[in-house]
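The structure appears below as structure tokens.
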Amino acid sequence: MTFHIYESGDKFLQDNQKVLEDNPVETSFFKINAKNMQDMTNNFAVKFKENNKFIIALRFKHYPMIIFGDNSIIHAFSVNLLQHDLTFDRILAKEPIAKSFIECYEQLNGGSHELIHSMDIMVCTQISQNNTDTTAVEIAQINDVQEIAELVHTFFLKINNKADPISKYLEEVKSNINNYVLIRSDGKIVSIAKKCREDEHICSISNVYTLNEYRCRGFSRKIMTFLTKQILESGKIVYLYVDKSNPISNHLYSSIGYKYISPQMEIKYLPDNKK
């Protein structure tokens, strides 16, 4: 039984390369966060091993602690986390391990928790046969930044009932403009989507949004088909975070070739039973 605390994110990536490559979608946030972990002050990356079983965990800045591994050793992992005084305020993991961990941790350390959200992942490795015409889809240009930022702002208002100031979205869109695709109608941008979290093996699609008054015209299908084909043709797996309570969108994704894999949960830990 060993509990290893890594000196840097690079050391973590080197030691766990095979695990990350074998589970590219489920461990995508490990790769993203670890690449930025040069200074380990207030950050940590660990690996707990018991015989041939393991759990890896990583906390970077204000992001949730992410956990991946064998659920059967979660109690011993929790004990070691406490013994080394490695703290967190939120966790993100596949649903079974997230539930087991928070239950074990509260038994050991008290406190309670709140579910922030539960999201399913859909993955596409081969697009379904369809004749969707994607000629209307355009790669975004720098002149589109303002209009796209306004749509992204509206998108987050719709899904979260709140949004950051438009200036934040302007900065994000400008720095990622080549990752956005769009469709215009009536002289304006009416549908968008964005490639994100791309590495040598996988790429995610996010910010899929069509203005209400332009829905049911097939724009989201065109956008998603275009981006999915583009990513698959580059030799990468495509994935999405989706909400099962939105059956219309998820049916669209399924018809393109996406399939569900294990859901993930983000949970907030509340020490000393104080909310």
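The values are calculated or read from the model by the stated rules, or taken from the named source; none is laboratory data. Values in this document were obtained by computation on a predicted structure and should not be read as measured data. For neighbour counting, all protein chains shown are included, and Cβ atoms are generated from backbone atoms with ideal geometry for every residue, glycine included. SASA here: full protein model, heavy atoms, side chains in, ligands and nucleic acids out. Shrake-Rupley method; radii C 1.70, N 1.55, O 1.52, S 1.80 Å.
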Identify all residues within segment 243-275 that are within 20 Å of the chain's Cα centre (by Cα), open to solvent by 40 Å² or more (accessible area, probe 1.4 Å) and β-branched (Val, Ile, Thr); write none if there are none. Ile261
Any idea which of Leu20, Leu115, Leu58 is part of a strand (DSSP E or B), in contact with a Phe, Trp or Tyr (Cβ under 7 Å, 6 or more places away or on another chain) and not charged (D, E, K, R)? Leu58
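Just give me the residues in segment 17-32 being more than 15 Å from Gln264 (Cα to Cα), buried (at least 20 other Cβ atoms within 10 Å of the Cβ) and within 12 Å of the chain's Cα centre (by Cα), in sequence order.
Selection gives Lys31 alone.
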With among the hydroxyl-bearing types (Ser, Thr, Tyr) and in contact with a Lys or Arg (Cβ under 8 Å, 6 or more places away or on another chain) as the only criterion, which of Thr154, Thr228, Thr132 stands out? Thr132
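Among the residues of segment 196-205, are any closer than 23 Å to Thr228 by Cα, hydroxyl-bearing (Ser, Thr, Tyr), in contact with a Cys (Cβ under 8 Å, 6 or more places away or on another chain) and not in a helix (DSSP H, G or I)?
yes
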If you take the residues in segment 1-17 that are in a strand (DSSP E or B) and not hydrophobic (A, V, I, L, M, F, W, C), which one is farthest from Asp89 (Cα to Cα)? Thr2
Kindly evaluate Ser234 against the criterion of being hydroxyl-bearing (Ser, Thr, Tyr) and open to solvent by 50 Å² or more (accessible area, probe 1.4 Å). yes
Condition test on Thr228, is it crowded, with 21+ Cβ neighbours inside 10 Å and touching a Gly at 6+ places or on another chain (Cβ under 9 Å)? yes
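Looking only at residues that are part of a helix (DSSP H, G or I) and either open to solvent by 20 Å² or more (accessible area, probe 1.4 Å) or among the hydroxyl-bearing types (Ser, Thr, Tyr) (or both) in segment 69-79, which one is nearest to Arg59 (Cα to Cα)?
Just the residues of segment 69-79 that are part of a helix (DSSP H, G or I), to begin with: 71-79.
Narrowing the set further to residues that are either open to solvent by 20 Å² or more (accessible area, probe 1.4 Å) or among the hydroxyl-bearing types (Ser, Thr, Tyr) (or both) leaves 71-72, 75-76, 78-79.
Values: Asn71: 19, Ser72: 21, His75: 19, Ala76: 19, Ser78: 14, Val79: 17 Å.
Among those residues, the one meeting the criterion is Ser78.
I'd like to check something: does segment 82-96 contain any residue that is open to solvent by 40 Å² or more (accessible area, probe 1.4 Å), aliphatic (A, V, I, L, M) and assigned to a helix (DSSP H, G or I)? Walk me through how you get there before you give the answer.
At the first step, the residues of segment 82-96 found to be open to solvent by 40 Å² or more (accessible area, probe 1.4 Å) are 82-85, 87, 89-90, 94-96.
Narrowing the set further to residues that are aliphatic (A, V, I, L, M) leaves 82.
Remaining after also requiring assigned to a helix (DSSP H, G or I): 82.
Yes, there is a match, as at least one residue in segment 82-96 is open to solvent by 40 Å² or more (accessible area, probe 1.4 Å), aliphatic (A, V, I, L, M) and assigned to a helix (DSSP H, G or I).
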Condition check: among the hydroxyl-bearing types (Ser, Thr, Tyr), at pLDDT 95 or above and within 15 Å of Ser191 (Cβ to Cβ). Does Tyr214 satisfy that? yes
Restricting attention to segment 52-65, and to residues there that are open to solvent by 10 Å² or more (accessible area, probe 1.4 Å) and in contact (Cβ under 8 Å) with a residue 12 or more places away in the chain, which single residue is farthest from Tyr269 (Cα to Cα)? Lys53
Boolean, Ser78 is in contact with a Phe, Trp or Tyr (Cβ under 7 Å, 6 or more places away or on another chain), over 17 Å from Leu20 (Cα atoms) and of a type outside the set (A, V, I, L, M): yes
Apart from one, (1) within 19 Å of Pro96 (Cβ to Cβ); (2) in a loop (DSSP other than H, G, I, E, B) all hold for Thr41; the odd one out is (1)
Going through segment 112-159 in order, the residues found to be touching a residue at least 60 places away in the same chain (Cβ under 8 Å), surrounded by 15 or more Cβ atoms within 10 Å (Cβ to Cβ), of a type outside the set (D, E, K, R) and in contact with a strand residue (DSSP E or B) (Cβ under 8 Å, 6 or more places away or on another chain) are His113, Ser118, Met119, Ile121, Met122, Val123, Cys124, Ala136, Val137, Leu151
Look at segment 235-252 and say how many of its residues are outside any loop (DSSP other than H, G, I, E, B), out of contact with any helix residue (DSSP H, G or I) (no Cβ under 7 Å at 6 or more places or on another chain) and in contact (Cβ under 8 Å) with a residue 40 or more places away in the chain. 5
